[in-house]
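Have a look at the structure below, then the notes.
The values are calculated or read from the model by the stated rules, or taken from the named source; none is laboratory data. Just so you know, these numbers come straight off a predicted model, no measurement behind them. Because the Cβ atoms are built from the backbone with ideal geometry, glycine has one as well, and the counts that use them run over all protein chains shown.
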Amino acid sequence: MILIADSGSTKTDWCVCNGTDKLCIINTQGINPYHQSIDDIKTIICTEFIPQIANISKESITEIYYYGAGCATEIKCNIIKDILAEHFTNARINVASDLLGAARALCKNSEGIACVIGTGSNSCLYDGKNIADNIPSLGYILGDEGSSVALGRRLLSDCFKRQLPANVANEFMAEYDLTMESVLENIYKKPLANRYMAQFTPFIAKHREIPQVHNILISCFTDFFKRNVIAYHKPWLPVHFVGSVATVFSEELIETANSLGMKTGQFIQNPIDGIVSYHTTII
C-alpha cells in the first residue's frame with residue numbers, strides 16, 4: 001500500500017491507497033518544519049494522524065510520498081522522513097516540497113508553470129517530471145506574495161493607514177474584534193503570525209467588489225506574477241494554480257495575468273487527488 005500526503009502550513013491531507021483504490025483520506029493540521037519544532041510535528045502525527053489509521057497495518061505500507069510546506073532543503077526533508085520512519089518501518093519514504101506535489105498534480109507529464117497560492121505562495125518551472133527552476137518563496141516576511149498572509153497583511157495595513165472606506169474599516173475591525181494593540185501583539189509577540197494574518201481572507205472575498213479591496217487583490221497578485229512567474233521568461237507556457245486563495249480569487253488572477261500578457265491554465269483547490277492520480281496511474 002502507498003501513503004501519500006500533501007501538507008501546507010494550515011492543513012495536511014493524507015491518503016492511503018491500495019493500487020488505484022483510495023482506502024481513506026484523512027485531514028490533520030498543517031505541518032511545516034520551518035515554523036514548528038520536531039516535538040510539535042511528532043505530536044500532530046501521533047495524536048491526529050496515527051489514531052485515524054488504527055485499522056490499517058502500518059507494516060503493509062511500503063511506499064510513502066510526502067509533499068510538504070517547508071521541505072525545500074535536505075535537512076528539513078530528513079526531519080519529516082525520520083518522524084515517519086518511527087511509525088512506518090517497512091516503507092520507503094520520499095519527502096519533497098509541496099511545490100513538486102502541486103506541479104505533478106497540475107501538469108502531470110507536461111511542461112508548465114505551477115503556482116501554489118494559499119497560506120503562503122510559491123512557483124516553479126516544471127519539465128514534465130521534476131522542477132526545472134524555482135524562484136524561492138522566502139516565507140511570509142520576505143516573500144509569499146499574493147498569499148492569504150500577504151492579503152491579510154495588506155488589509156490590516158490599509159485599514160489602519162486609512163486607505164479603506166470608513167464603513168469597511170469599521171466593519172472589519174468589529175467583525176474580528178481588532179484594535180491596534182491586539183494586532184501588534186499577535187503579529188510581533190505571539191507565535192504563528194502567518195496564520196493570524198491569513199485568517200482575514202474571507203473578509204476580502206466578501207468585499208472584493210469594493211474598489212479599494214479589489215485594488216488590494218490586483219496589487220498583491222501583480223507582485224506575485226512579477227516576482228514569481230515572469231522571471232522564468234516562458235510567457236507561452238500555461239500558468240497553473242493550486243491553493244485556497246488561487247481558487248477563491250481565480251477571476252482576479254486571470255485579470256492580472258491577462259494584463260501582463262500571461263495565460264492561465266488549471267485552478268484546483270486541493271492537489272491531493274491529482275498527486276494520488278500521478279502516483280497510482282501515471283508513473
Does region 155-191 hold any residues that are in contact (Cβ under 8 Å) with a residue 40 or more places away in the chain, of a type outside the set (S, T, N, Q) and touching a Ser or Thr at 6+ places or on another chain (Cβ under 9 Å), and which are they?
LEU155
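Just checking, does region 46-64 include any residue being hydroxyl-bearing (Ser, Thr, Tyr), over 17 Å from the mean Cα position of the chain (by Cα) and not in a helix (DSSP H, G or I)?
First, the residues of region 46-64 that are hydroxyl-bearing (Ser, Thr, Tyr): 47, 57, 60, 62.
Still in the running and over 17 Å from the mean Cα position of the chain (by Cα): 47, 57, 60, 62.
Subset that is not in a helix (DSSP H, G or I): 57, 62.
Yes, region 46-64 contains a residue that is hydroxyl-bearing (Ser, Thr, Tyr), over 17 Å from the mean Cα position of the chain (by Cα) and not in a helix (DSSP H, G or I).
Yes/no matrix, rows are residues, columns are (1) buried (at least 23 other Cβ atoms within 10 Å of the Cβ); (2) under 22 Å from ILE2 (Cβ atoms); (3) not hydrophobic (A, V, I, L, M, F, W, C):
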| position | (1), (2), (3) |
| --- | --- |
| THR73 | no, no, yes |
| ILE93 | no, yes, no |
| SER97 | yes, yes, yes |
| GLY101 | yes, yes, yes |
| ARG104 | yes, yes, yes |
| ASN109 | no, yes, yes |
| VAL168 | no, no, no |
Identify all residues within region 206-217 that are in a helix (DSSP H, G or I) and surrounded by 15 or more Cβ atoms within 10 Å (Cβ to Cβ); write none if there are none.
VAL213, HIS214, ILE216, LEU217
Would region 51-60 turn up any residue that is touching a residue at least 40 places away in the same chain (Cβ under 8 Å), farther than 12 Å from LEU3 by Cα and not small (Gly, Ala, Ser)?
no
Scanning region 125-154 residue by residue, the ones that are in contact (Cβ under 8 Å) with a residue 60 or more places away in the chain, crowded, with 24+ Cβ neighbours inside 10 Å and in a helix (DSSP H, G or I) total 3
Has region 133-145 got any residue that is within 30 Å of ALA72 (Cβ to Cβ), in contact with a Lys or Arg (Cβ under 8 Å, 6 or more places away or on another chain) and of a type in the set (Asp, Glu)?
yes
Step by step: first the residues of region 247-276, then only those that are of a type in the set (Ser, Thr, Tyr), under 19 Å from the mean Cα position of the chain (by Cα) and part of a helix (DSSP H, G or I), then the one that is nearest to LYS129 (Cα to Cα). Which residue is that?
THR247
Quick check: is even one residue across region 94-103 more than 15 Å from the chain's Cα centre (by Cα) and at pLDDT 95 or above?
yes
Does any residue of region 109-128 turn out to be in contact with a Ser or Thr (Cβ under 6 Å, 6 or more places away or on another chain), within 28 Å of VAL245 (Cβ to Cβ) and aromatic (Phe, Trp, Tyr)?
no
Being among the aliphatic types (A, V, I, L, M) and under 30 Å from GLY19 (Cβ atoms), is that true of even one residue in region 250-268?
yes
Looking at (1) touching a residue at least 24 places away in the same chain (Cβ under 8 Å); (2) more than 18 Å from PRO271 (Cα to Cα); (3) surrounded by 17 or more Cβ atoms within 10 Å (Cβ to Cβ), find the lone condition where CYS77 falls short.
(1)
Which of the following residues is over 15 Å from the mean Cα position of the chain (by Cα) and more than 30 Å from HIS279 (Cβ to Cβ): LEU155, LEU151?
LEU155
